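*Asks:* What follows is a structure written as structure tokens; I'll ask about it next.
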Amino acid sequence: MISLLEPGMFVRHPNHPDWGLGQVQSNVSGRVTVNFEHMGKLVINAERVELEIVFDP
């Protein structure tokens, strides 16, 4: 799953739906930088959190 996340993809955090839609900025060694609508830019450890891919934002 981690390797599927590429810059430009849209995701949601499963434990924080209030953060809104996020767009992947980068994915380096399992650390995914995501810019969320209501939380801003965060680095997520994709080995600990399985981000939900949004195919039709």
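Residues checked against (1) under 11 Å from the mean Cα position of the chain (by Cα); (2) surrounded by fewer than 16 Cβ atoms within 10 Å (Cβ to Cβ); (3) small (Gly, Ala, Ser):
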{"residue": "10", "(1), (2), (3)": "yes, no, no"}
{"residue": "14", "(1), (2), (3)": "yes, yes, no"}
{"residue": "19", "(1), (2), (3)": "yes, no, no"}
{"residue": "23", "(1), (2), (3)": "yes, no, no"}
{"residue": "32", "(1), (2), (3)": "yes, no, no"}
{"residue": "40", "(1), (2), (3)": "no, yes, yes"}
{"residue": "44", "(1), (2), (3)": "yes, no, no"}
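*Asks:* Are there any pairs with C-beta distances below 8 angstrom linking a residue in segment 15-35 that is touching a residue at least 24 places away in the same chain (Cβ under 8 Å) to a residue that is among the small types (Gly, Ala, Ser) and not in a loop (DSSP other than H, G, I, E, B), with the two at least 6 apart or on different chains, and if so which?
*Replies:* Between residues of segment 15-35 that are touching a residue at least 24 places away in the same chain (Cβ under 8 Å) and residues that are among the small types (Gly, Ala, Ser) and not in a loop (DSSP other than H, G, I, E, B), the close pairs are 27/3; 32/26.
Read-outs: derived from the displayed coordinates by stated rules, not from any lab. Since this is a predicted model, take the numbers as computed values, not measurements. Glycine also receives a Cβ, built like all others from the backbone with ideal geometry; neighbour counts cover every protein chain displayed.
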